[in-house]
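Here's the structure we're looking at; comments come further down.
The values are calculated or read from the model by the stated rules, or taken from the named source; none is laboratory data. Just so it is clear, the model here is predicted, and its values are computed rather than measured. Methodologically, a virtual Cβ is constructed for each residue, glycine included, from the backbone with ideal geometry; neighbour enumeration extends over all protein chains shown. Remember, those area values only see protein heavy atoms, side chains included, never the ligands or the DNA or RNA. Shrake-Rupley method; radii C 1.70, N 1.55, O 1.52, S 1.80 Å.
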Amino acid sequence: MNQSNSNRRKFLKNASVLSGMYLLSGFKNELRSETIPQTNTKPIITNRIKFAVINIDHPHIYGMTDAIKRGGGELVALYAKQPDLVAAFLKLYPEAKLAKNENEILEDPAIHLVLSSGIPDERAPLGIRVMKHGKDYLTDKPGIITLEQLAAVKKVQQETKRIYSIMYSERFENKATEKASKLVAAGAIGQVIQTVNLAPHRINNGIGKTGLAVRPDWFWDKKRFGGILTDIGSHQFDQYLHFTGSTEAEVLMSQVGNVHHPDKPLFEDFGDVMLSGNGGTGYIRVDWFTPDGLDTWGDGRLTILGTDGFIEVRKNTDIASGLKGGNHLYMANKTEMVHIDCNNEVLPFGPLLVDDVLNRTETAMSQKHCFLATELALKAQKKAKALKLKKP
């Protein structure tokens, strides 16, 4: 082993000081570490709206339900076809009445909002039915899996003026990413030039209540989930638009491949994209190659480059620093280098969406942004070149 490399590793491992501060080799300044306390938290006002759930094929529905309950939503009904999934959901949310069918929920005038994490190709048709019944809709990502579905959804949304929202949880449900939003909005790193999103995922994910240890048949069929850029990539297009402030963008390059799952010919396990927009550029990489040795479902990372500094968000883990858990934010700008533990950050999406349902506003996410993020993902998927790697 090279002696200088060995010494450097020992230094990085041992060079910690009081209060969690770290000294990084090669930097003249000290990296300050802090935990940001909750500020301006509002008490939850219960029963502001009534909401229901239809179809729960993916456990993301739990995070979605919790978000709306944080906003003061009252869960009143559930409909799903699978008895085992229904039993698990009602164990956590016994207040929900089990409906006999979908129409029992759609035709209930007291229900304002419907949530769904059904099979991806069924989400847009359900959303159309929800809007036609005069209700707002929050779906798991991907909320729409073809450009034809997108056109149909946009048409009905314009006709009904209902909310069609997609839970981009890698932004809305990640506290460090929420903190990054505030810092960027405050000008902490100047004008944003580029975002880089790295979003690895684990296939056999038994971690937490939103994980799937065994994937269902539809998971492996591109016709059901839309392709890797449409599916997990949808999060990253949302973040690209959000942080660069782009209202127009184009896909410069995209590629997808099935590198390591020959027994699943309709599956994709790798994809990446280059973007250019009127607010900045972007690079996205998504994959299903999280190794079993990692302590989370994926080492998600977001880097935001600005004219006066940069931010890196380590969403779920940080194997280099020794800091435990996720929600880590690192920033360097003209005045400081800082690590922020964001675990106490408040997540505003649920309360804001409930506000929008009540006030007919767009504070949680604009409808245009929601559809544009989806459109970019769908176009990137459609134009993607097939990745062909030489086998050893």
Out of Tyr240, Phe289, Gly187, whose Cα points farthest toward the positive end of the dipole of the range 184-311 (charges: +1 Lys, Arg; -1 Asp, Glu; placed on Cβ)? Phe289
Given the rule -39500 (n - 2.57) for each run of at least 4 DSSP H residues, summed and divided by the residues of the chain, what is its mean residue ellipticity at 222 nm, to the nearest 500 deg cm²/dmol? -9500 deg cm²/dmol
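Restricting to the chain, compute how many DSSP beta bridges are antiparallel as a %, nearest 5.
Numbers: 38 of 71 bridges.
In the chain, approximately 55 percent of DSSP beta bridges are antiparallel ones.
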Cross-link partners of Lys382 among lysines (Cα-Cα below 27 Å; sequence separation of 8 or more within a chain): Lys141, Lys154, Lys155, Lys222, Lys223, Lys264, Lys368, Lys390, Lys391
Test item: Cα-centred dipole of the range 232-302, Lys/Arg +1 and Asp/Glu -1 on Cβ, debye: 140 debye
Using a 10 angstrom cutoff on alpha carbons, build the Gaussian network for the chain and name the most mobile of Ala96, Ala87, Ala377. Ala87
How high is the FRET efficiency between Met253 and Ile44 when r is their beta carbon distance and R₀ equals 41 Å, given to the nearest 0.05? 0.40
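Probe radius 1.4 Å, ligands and nucleic acids ignored: give me the carbon and sulfur share of the accessible area of the chain as a rounded percent. Walk me through the intermediate numbers first.
Details: 10060 of 18590 Å².
Reported share for carbon and sulfur atoms: 54 percent.
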Grab the Cα-Cα distance for Ala320 and Asp263, subtract it from 0.36 nm times how many residues apart they are, and report the gain in nm with one decimal. 17.1 nm
With all protein chains present, calculate the accessible area of Val76 using a 1.4 Å probe and round the result to the nearest 10 Å². 30 Å²
For the peptides 331-337, 49-55, what is the packing order when you average, over each peptide's residues, the other Cβ atoms within 10 Å and list the highest mean first? 49-55, 331-337
Sum up the charges of everything whose Cβ sits under 12 Å from the Cβ of Ala96, counting Lys and Arg as +1 and Asp and Glu as -1, but leave Ala96 out. +2
Pairwise centroid distance, computed over Cα atoms, of the range 61-136 with the range 328-346, Å: 37 Å
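Quick one: net charge around Lys141, please, counting Lys, Arg +1 and Asp, Glu -1 for every other residue with C-beta under 10 Å from its C-beta. All intermediate terms of the calculation are to be shown ahead of the outcome.
Numbers: positive: Arg123; negative: Asp140, Glu170, Asp231, Asp238.
Local net charge: -3.
Compute the FRET efficiency between Ala87 and Ile193 as 1/(1 + (r/R0)^6), taking r as their Cβ-Cβ distance and R0 = 45 Å, and round to the nearest 0.05. Mind dumping the intermediate values first?
Details: r = 50 Å, r/R0 = 1.10.
With a Förster radius of 45 Å, E is 0.35.
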If I model a spin label as a point 7 Å beyond the Cα along the Cα-Cβ vector, how far apart are those points for Lys390 and Ala151 in nm? 4.3 nm
Projected label distance in nm at Lys182 and Asn204, using a 7 Å step from Cα toward the beta-carbon: 4.0 nm
Full-extension gain in nm, Asp108 to Thr363, via 0.36 nm per residue minus C-alpha separation: 89.2 nm
Any idea what the dipole of the chain comes to, in debye rounded to 20, about its Cα centre with Lys/Arg Cβ at +1 and Asp/Glu Cβ at -1? 520 debye
Dipole in debye (nearest 20) - the range 168-304, about Cα centre, beta carbon charges: Lys, Arg +1; Asp, Glu -1: 280 debye
If you add up the charges near Val86, with Lys and Arg at +1 and Asp and Glu at -1, over every other residue whose beta carbon is less than 15 angstrom from its beta carbon, what do you get? -1
Quick one: which residues, 5+ away or cross-chain, put their amide H under 5 Å from the amide H of Ser246? H built at 1.01 Å from N. Gly279
Top mean-square fluctuation among Asn47, Asn174, Asn343, Gaussian network model of the chain, C-alpha springs under 10 Å? Asn47
For the chain, what is the relative contact order in percent, using Cα pairs closer than 8 Å and at least 6 residues apart in sequence? 19 percent
Förster-model FRET efficiency, 35 Å R0, Glu159 and Asn344, C-beta, rounded to 0.05: 0.25
Checking Gln157, Gln149, Gln82 against a Gaussian network model of the chain (alpha-carbon springs below 10 Å), the top fluctuating residue turns out to be Gln82
